[in-house]
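K.L.:
Once you've had a glance at the structure underneath, I'll fire off some questions.
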Amino acid sequence: MSERLYYSDSYTTQFEATVIERLEHDGKPAVVLDRSFFYPTSGGQPHDLGRLGSASVLDVTVRKSDGAVVHVLDSAEMPDSVSGQIDWSRRFDHMQHHCGQHILSRAFIDAADAPTMSFHMGTDGCTIDIDATELSAEKIAAVETLANQIVQENRPVDTRQVTLEEAQSLPIRKLPPLAEGELVRLVDVTGFDLTACGGTHPARTGEIGLIKVTRLERRKKMLRVSFLCGSRAIQDYDHKLKVIHDLTRQLSTGADNLVGSIEKMQEETRLMSRDLRLLRKEKMVALAQNLQEGFEPMGNLSVLTHLFSNGESVDELRTVGTELCEKENRIVLIGSSGERAMLFFRSSAGDDYHMGNLLRGVLEKIGSTSGGGRADQAQGGGQPANDQNVLDALRAAKANLAK
Ligand SMILES: [Zn+2]
């Protein structure tokens, strides 16, 4: 059974050990050592990376059957006596986030009455799920302030092992199920938080540097809190400053005026869109006037077919159709080509002619099955179709009408 040296010392990154077992793990060479500082994936904390001799350590995992720490390697070349080297920047990042999580979880209890239900730590980010459905910005600010106060006070973080009986007499935040006689490892952020944990932590809270809540997300009956500590929080701050800098440059304004500038732009866009809609409507009314001469007689009806080739919307086609059917006994068969080709049929000739049926009979010519309508008005389309397709549909509708 390997001795887990990281339990009592999170800082040693170089050590000597003896290989006591060689094995394969998921098709890769692996070894068990008599003693190791490598942290295996457990308790929500990812494994360490580094080197053993000349081999890279790809994964470190605990074997369920006997608790051995298995070091998975990229090479089977390994002497019996070997030097280990742990990737310190990754380890320290895990230490900062693990301890930051303890402090944040306690701060959520003390300042927001919201206990932590689960914890995730990864290279993509760190989250805790807390037992709450919503929290005000003031509550979150109070939690952050308390957590960072504990960081700035640079309190000692101690670890010790106690028996189950002893543990049960202590105010422990989270205690896993234990067998009789089993020891439990406690992590003590002095005077603030006491919890059971097997992870790696810094010796003092000041090493965490900073704890920052970056996002809140509702997850069923819980809130998922994303947070960053130490260097990752500083990198995130740097990234967000760059984004703000780019925006202030593009909008030629100061950071404090960004929100106001964007709100002003949104209002301007809304007004311009409204004006554009009105102008296009006016244009369609004028176009309709030009089409008054295009009607052809069919019995007692006057029928017009016309193709629009500028991607006109169904609303624009409706404006034309409505305008042209103000006189009685008219039937207007119009359509637009483009990415969302549309047909619009309109009648002022009474219930003897059913525009919905007429339109459904020719929709397939513009590659669509979506559309229909009433006796006096019908529309359909939405698929891409070219000028010829739309003309074919309009001519077929006119031919059907003649029957
Ligand atoms: Zn921990």
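The values are calculated or read from the model by the stated rules, or taken from the named source; none is laboratory data. Nothing here was measured: the structure is a model prediction, and the numbers come from that model. Here Cβ is always computed from backbone atoms with ideal geometry, including for glycine, and neighbour counts include all displayed protein chains.
K.L.:
Out of (1) within 14 Å of ALA393 (Cβ to Cβ); (2) touching a strand residue (DSSP E or B) at 6+ places or on another chain (Cβ under 9 Å), what's the single condition that is false for GLU364?
P.N.:
Evaluating GLU364 over (1) within 14 Å of ALA393 (Cβ to Cβ); (2) touching a strand residue (DSSP E or B) at 6+ places or on another chain (Cβ under 9 Å) leaves (2) as the failure.
K.L.:
Go over the candidates ASP275, ASP256, ASP193 one by one and state the one that is closer than 30 Å to ILE140 by Cβ and away from the ligand (no atom under 16 Å from the Cβ).
P.N.:
On the way: ASP275 fails: closer than 30 Å to ILE140 by Cβ; ASP193 fails: away from the ligand (no atom under 16 Å from the Cβ).
Within the list ASP275, ASP256, ASP193, the selection yields ASP256.
K.L.:
So which residues in the stretch 176-206 are of a type in the set (A, V, I, L, M, F, W, C) and either in contact with a strand residue (DSSP E or B) (Cβ under 9 Å, 6 or more places away or on another chain) or outside any loop (DSSP other than H, G, I, E, B) (or both), if there are any at all?
P.N.:
Within the stretch 176-206, the first condition is being of a type in the set (A, V, I, L, M, F, W, C), and the residues that meet it are 178-179, 183-184, 186-187, 189, 192, 194, 196-197, 203.
Across the stretch 176-206, the qualifying residues are LEU178, LEU183, VAL184, LEU186, VAL187, VAL189, LEU194, ALA196, CYS197, ALA203.
K.L.:
Of the numbered conditions (1) more than 16 Å from the ligand (Cβ to nearest atom); (2) within 28 Å of ASP188 (Cα to Cα); (3) not assigned by TED's automatic domain parsing to the domain that holds GLY199; (4) not polar (S, T, N, Q), ASP110 fails exactly one; give the number of that condition.
P.N.:
ASP110 satisfies all of (1) more than 16 Å from the ligand (Cβ to nearest atom); (2) within 28 Å of ASP188 (Cα to Cα); (3) not assigned by TED's automatic domain parsing to the domain that holds GLY199; (4) not polar (S, T, N, Q) except (3).
K.L.:
Oh, and also: One residue is enough: does the stretch 214-221 have a residue meeting the conditions assigned to a loop (DSSP other than H, G, I, E, B) and over 27 Å from VAL60 (Cβ atoms)? Give the derivation first.
P.N.:
First, the residues of the stretch 214-221 that are assigned to a loop (DSSP other than H, G, I, E, B): 220-221.
Going one step further and asking which of them are over 27 Å from VAL60 (Cβ atoms), we end up with 220-221.
Yes: one or more hits.
K.L.:
Can you tell me which condition LYS240 does not meet? The list is (1) at pLDDT 95 or above; (2) surrounded by fewer than 19 Cβ atoms within 10 Å (Cβ to Cβ); (3) within 21 Å of MET121 (Cβ to Cβ); (4) away from the ligand (no atom under 16 Å from the Cβ), and all the others hold.
P.N.:
(3)
K.L.:
Of all the residues that make up the stretch 157-173, how many are closer than 22 Å to TYR6 by Cα, modelled with pLDDT under 90 and in contact with a helix residue (DSSP H, G or I) (Cβ under 8 Å, 6 or more places away or on another chain)?
P.N.:
Final tally of qualifying residues: 0.
K.L.:
Starting from the stretch 324-340, keep only residues that are at positive phi and in a strand (DSSP E or B), then list their pairs with residues that are of a type in the set (Ser, Thr, Tyr) and surrounded by fewer than 24 Cβ atoms within 10 Å (Cβ to Cβ) whose Cβ atoms are within a distance under 8 Å, requiring at least 6 positions of separation or different chains.
P.N.:
Within 8 Å, the pairs are GLY338/SER309.
K.L.:
Any residue at all in the stretch 202-218 that is within 15 Å of THR116 (Cβ to Cβ), among the polar types (S, T, N, Q) and modelled with pLDDT of 95 or more?
P.N.:
Within the stretch 202-218, none of the residues are within 15 Å of THR116 (Cβ to Cβ), among the polar types (S, T, N, Q) and modelled with pLDDT of 95 or more.
K.L.:
Mind telling me which of the residues GLY361, GLY367, GLY382, GLY372 ends up being surrounded by fewer than 16 Cβ atoms within 10 Å (Cβ to Cβ), at positive phi and out of contact with any Gly (no Cβ under 7 Å at 6 or more places or on another chain)?
P.N.:
Values: GLY361 fails: at positive phi; GLY382 fails: surrounded by fewer than 16 Cβ atoms within 10 Å (Cβ to Cβ); GLY372 fails: out of contact with any Gly (no Cβ under 7 Å at 6 or more places or on another chain).
Just a single option satisfies the conditions, and that option is GLY367.
K.L.:
Considering only the stretch 360-403, how many residues are among the aliphatic types (A, V, I, L, M) and either without any contact (Cβ under 8 Å) to a residue 24 or more places away in the chain or within 19 Å of GLU339 (Cα to Cα) (or both)?
P.N.:
9
K.L.:
Here's something else I'd like to know. Modelled with pLDDT under 95, among the acidic types (Asp, Glu), closer than 29 Å to ASP236 by Cα and more than 15 Å from the ligand (Cβ to nearest atom): is that true of ASP129 in this structure?
P.N.:
No; evaluated as a whole, the condition is false for this residue.
K.L.:
Kindly provide the set of residues from the stretch 16-48 that are crowded, with 18+ Cβ neighbours inside 10 Å and away from the ligand (no atom under 16 Å from the Cβ), ordered by number.
P.N.:
Answer for the stretch 16-48, where residues must be crowded, with 18+ Cβ neighbours inside 10 Å and away from the ligand (no atom under 16 Å from the Cβ): ALA17, PRO29, ALA30, VAL31, VAL32, LEU33, SER36, PHE37, PHE38.
K.L.:
Does any residue of the stretch 347-356 turn out to be within 22 Å of GLN289 (Cβ to Cβ) and part of a strand (DSSP E or B)? Steps first, please.
P.N.:
Initially, the stretch 347-356 is screened for residues within 22 Å of GLN289 (Cβ to Cβ), giving 347-349.
Narrowing the set further to residues that are part of a strand (DSSP E or B) leaves 347.
Looking for residues that are within 22 Å of GLN289 (Cβ to Cβ) and part of a strand (DSSP E or B), one finds at least one in the stretch 347-356, hence yes.
K.L.:
Of the residues in the stretch 119-139, how many are free of Cβ contacts under 8 Å to residues at least 24 places away in the same chain and closer than 25 Å to GLY43 by Cα?
P.N.:
Taking the stretch 119-139 and keeping what is free of Cβ contacts under 8 Å to residues at least 24 places away in the same chain, we get 124, 136-138.
Those left that are additionally closer than 25 Å to GLY43 by Cα: 124.
Final tally of qualifying residues: 1.
K.L.:
Mind checking which residues of the stretch 325-340 are over 17 Å from GLY299 (Cβ atoms) and surrounded by 24 or more Cβ atoms within 10 Å (Cβ to Cβ)?
P.N.:
Scanning the stretch 325-340 gives ILE334, GLY335, SER336.
K.L.:
Among (1) out of contact with any strand residue (DSSP E or B) (no Cβ under 7 Å at 6 or more places or on another chain); (2) assigned to a loop (DSSP other than H, G, I, E, B); (3) farther than 23 Å from GLN289 by Cα, there is one condition ASN389 misses while meeting the rest; what is its number?
P.N.:
Going through the list (1) out of contact with any strand residue (DSSP E or B) (no Cβ under 7 Å at 6 or more places or on another chain); (2) assigned to a loop (DSSP other than H, G, I, E, B); (3) farther than 23 Å from GLN289 by Cα, ASN389 breaks only (2).
K.L.:
Scan the stretch 251-292 for residues that are within 18 Å of GLY335 (Cα to Cα) and not hydrophobic (A, V, I, L, M, F, W, C) and jot them down. Break it down stepwise before answering.
P.N.:
At the first step, the residues of the stretch 251-292 found to be within 18 Å of GLY335 (Cα to Cα) are 280-281, 283-292.
Once the filter is applied, which keeps residues that are within 18 Å of GLY335 (Cα to Cα) and not hydrophobic (A, V, I, L, M, F, W, C), the stretch 251-292 yields ARG280, LYS281, LYS283, GLN289, ASN290, GLN292.
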